[in-house]
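The values are calculated or read from the model by the stated rules, or taken from the named source; none is laboratory data. Model, not experiment: these values are computed from the prediction. Counting neighbours? That spans all protein chains shown, and the Cβs are built from the backbone with ideal geometry, glycine included. Calculation scope for accessible area: heavy atoms of the full protein, side chains included, ligands and nucleic acids excluded. Shrake-Rupley method; radii C 1.70, N 1.55, O 1.52, S 1.80 Å.
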Amino acid sequence: MNKKTKEKTNTIKNNIYMLRFIFKHTPFMVCGYLFFDVLANLPWTLSNVVLLKYIIDVATEGRDYYRVAVALAVFVVFVIVTNLFTTLFYEISMPKQKEKLYFAVYKTIYEKAAKMDYEAYDNPEYYNDLVLAMNSMNERSYTVLQDVQDVLTNVISVLTIGTVIVSIDPICLLFVIVCVAIMTPIGRLIAKVNVERTEAMTPLDRKNLYFSRVFYLQDYAKELRLSRAGEMVERRYNQNIFDRLKTVSPYLTKQWKLYFCQESLPMTLLIYLGITLLMGYKAIVTKEVTMGDFAATFNGAASISTSVFALTSHLAINVRENGLYVEKFRSFMNAKEKMISGTKTTVFEKPPVIKFENVSFKYPGTEKYVLKNINLEISPYKKIALVGYNGAGKTTLTNLLLRLYDVTDGAITIDGVNIKEWDIKEYHKNFAAVFQDFSLFGATLGENVSMDAKPHKERVEEAVKAADFNRTLPDGTDSILLREFDDEGVSLSGGEAQKIAIARAFYKNCAFAILDEPSANLDPVAEYALNQSMTKAANDKTVLFISHRLSTTIMADEIYMLEKGEIIEHGSHEELMKLDGKYAYMFKLQAEKYN
Ligand code: ADP
C-alpha cells in the first residue's frame, strides 16, 4: 500500500474508531445526530429543486393554483414537524448528550493515565499524547461526529439531487461531473496546503501556548508583579506574532488562489453560465423542457457543486485533521505498560525485612547510573534516614522501593521475596508515602488525609494530631480544602499543607512509611514536634525518611549517607559523628547555623 492510500485508510479507520467510541458511550447522540441532520437539511435542499420546479410548472401551465397551495401546505407542515423534533433534539437532548460524551472521554483518559507506568511521564512522546488527549479530545470527539454528519448530509444531497437532475436532463449532470472533476483535485491541493500550513505553524502555536500559560497561571503571577519579566515575555510574544504572520502569509496567498480557482471558475463557467445557457435554450427556444425544469436543474447543479466543494475542501481537511488527533488518542490508549505486575497479594500486618541487594539503576532513556551497587537491609520498625547532597539518589532509592520504577540491576526483596512478584496495586497497599512535591486535593480534610472517599473521622483526627496540625477548621474534618469546588474552601500555608500530607502516613494502616523531606516547609518548632510525634505515632511502622535537616536524623535508628548514587557512610547518628566523615561535617555545618 503506498503512503497516500495508507494515510487515507488510517483517516477513515480513525474516524470510525471515534464514531464507535461515541456510539459506545452515547448511542443516542450518534443516531440522533445523523438522523436529525438529514431530516433537517433534506427538505430544504429538495424544496430548492423539486418544489420550485413544481410551483413554476403549475404557474406557467396555468393549472389549478390550489395544487400549489396544497404542495406548499404539505411542505410547511413537514418543515414544522421536522423542525419541532430537530430543535427538541438539538436544544434539549444534545447538550446533555454532549456532557455525557465529554465525561466518557475524560474518564477514559484518566483511567488509562492512572494505569500507566509512572516512568511513562519521563517519555516525552507519551506525555505529549497525554497532554494532547486531555486538552483536545472532548471537543475533538464531537467535531468528528459533526464532520462525519456533514459529509453524510452532502453525499445524500448530491445523490438525491443528482437523481432529480438526471431525470430532467442527463446532459446537465455532465456539466456537474466536469465541474466536480475540476474542483476535486484543486480541493485536494487546498487540503495539502492547509496541512503544510498547520505543520509550519505548530512550533509557533506551542510558543503562543507558553505565553498564555505565563499570563494565566498563578505560578508566574508573583514574579510578573514584582519584576519586569512581563515585558521580557511580551517582547518575545510580539516577535512570535510577527513570525506567525510571516509564516502564514505565503500559505494564505496559495490558498486564496486555489479557493478562487476552485469556486469561481468551474462554478461560474459550467454551472451558472453553462447550465443557464443550455437549459434556458431548451426551455425558451426549443421548448424541450419546462421553465420549472430549467429552475430545478440550475438550482440543483449549483447545490451539487457547493456540496462537492465542501466535501473536497474544508470537510476533507477537517476529516483528515480529526483523523490525526484520533490517531494520537489511539496511540495513547494503546500504549503498553512496561512494568509487569506479579501475582503476589500479601499485605503485611507487621513490617518485615526490606533488602536492597546490589541494586543499580539508570532512568529509562538515560545512560548514567544514578544508583550504583546499593546494598542495605532495613529491619522491622526501624526509623531509617537517607541523607546526602541534592542529586545523590535518595528520592530515586525510595522510588525503586515503591516500585515506581524497576531496578536496572540487582533486586529489592521484602521478606526474601523479590518485589517484582507482587501485584503492583496490592504491593502499594503496604506503603504510606509523603512526597516532596505532595499535592492536596479539592476535597474535605478527611478525604485529603485518608485519600479515600469515605474517611474514618476519629482516625483522621488522630492522624492530623499526630502530624501536629492544630488549626481548627470551620467544619472540622469535613471542611473543604482549596477553592476549586467551594468558594469558602480553606487555604493553607505551606507548612500546614505539609502537615496534612504527613497525616496521610499516620492515617494509613500499613507496614512502611516513606517520607521525602517531611520537614521541608516546617519551622524548627513544628519540626521538633513532628519528630516527637513521628517516633510515637509511627511506632508500628518501618519508616524510611529523606531529610536535609540533620536535626531530624538524630532520632533515626540508622542513617545512610549517599553520594553520587553510592552509600558512603552508614550507622547511627552517634556512630557517624564519631566517624567524623561527611555526615559529621554536614551536621556540624548545619548546627553552626542554628547556634
Ligand atoms: P536526591 O533525592 O538525592 O536529591 P534524586 O534521586 O532526585 O536525588 O536524583 C538522582 C539523580 O537522578 C539526579 O542526577 C537527577 O538529575 C536524576 N533524575 C531524577 N529524576 C530523573 C528522571 N525522571 N529522569 C532522569 N533523571 C532523573
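A few remarks follow.
- Cut-off under 5 Å, modelled amide H: who pairs with Glu563 long-range: Ile568
- Separation of segment 540-595 from segment 140-180 is 78 Å, based on Cα centroids.
- Residue among Ser519, Leu402, Ala181 farthest towards the positive dipole end of the chain, charges placed on Cβ: Ala181
- Cβ-based net charge around Lys24, under 13 Å, with every Lys or Arg adding one and every Asp or Glu removing one: +3
- Bridge orientation summary for segment 435-573: considering DSSP beta bridges with both residues in this region, about 50 percent are antiparallel.
- For the chain, share of DSSP beta bridges that run antiparallel, in % to the nearest 5: 45
- More than 25 Å apart - percent of Cα-Cα pairs taken over segment 335-445: 25
- Under 16 Å from Lys287, Cα to Cα: lysines that are on another chain or at least 8 residues apart: Lys53
- Taking a ≥ b ≥ c as the square roots of the Cα gyration tensor eigenvalues, segment 508-579 comes out prolate, since a/c reaches at least 1.5 and a/b is larger than b/c.
- Segment 197-258 and segment 383-433 have their alpha-carbon centroids 43 Å apart.
- Rounded D (µm²/s) - segment 7-334, Kirkwood Rh over Cα pairs, Stokes-Einstein at 25 °C, 0.890 mPa s: 104
- Charge dipole of the chain about the Cα centre (unit charges at C-beta), most positive-ward option of Asn539, Thr202, Ile171: Ile171
- Across the chain, the convex hull enclosing all Cα atoms gives 219 Å³ per residue.
- Charge dipole of segment 7-334 about the Cα centre (unit charges at C-beta), most positive-ward option of Phe309, Tyr54, Tyr127: Tyr127
- Stokes-Einstein diffusion coefficient of segment 460-555, Kirkwood radius over Cα pairs, 20 °C, 1.002 mPa s, in µm²/s: 154
- 5 angstrom amide H check on Val543, placed H, neighbours 5+ away: Lys382, Lys383, Ile384, Ala513
- Partners for Lys350 among lysines (Cα-Cα distance below 22 Å; same-chain residues under 8 apart left out): Lys382, Lys383, Lys420, Lys425, Lys429, Lys508, Lys536, Lys541
- Magnitude of the charge dipole, segment 403-485, Cβ model with Lys/Arg +1 and Asp/Glu -1, debye to 20: 160
- Rounded accessible area per residue of segment 445-509, 1.4 Å, Å²: 55
- The Rg/Rh ratio of segment 445-509, with Rg taken over Cα atoms and Rh as the Kirkwood radius over Cα pairs, comes to 0.93.
- Charged-residue dipole, Cβ positions (Lys, Arg, Asp, Glu), segment 108-182 about Cα centre, Debye nearest 20: 360
- Cross-link reach list, lysines versus Lys246, counting only Cα pairs under 23 Å and skipping chain neighbours closer than eight places: Lys192, Lys207, Lys254, Lys257
- For segment 70-159, alpha-carbon Rg relative to the globular expectation (2.2 N^0.38 Å, N residues): 1.68
- Accessible solvent surface per residue of segment 7-334, calculated while the other protein chains remain in place, 1.4 angstrom probe, Å²: 56
- Magnitude of the charge dipole for segment 445-509, about its Cα centre and with charges confined to Cβ atoms of Lys, Arg (+1) and Asp, Glu (-1), is about 340 debye.
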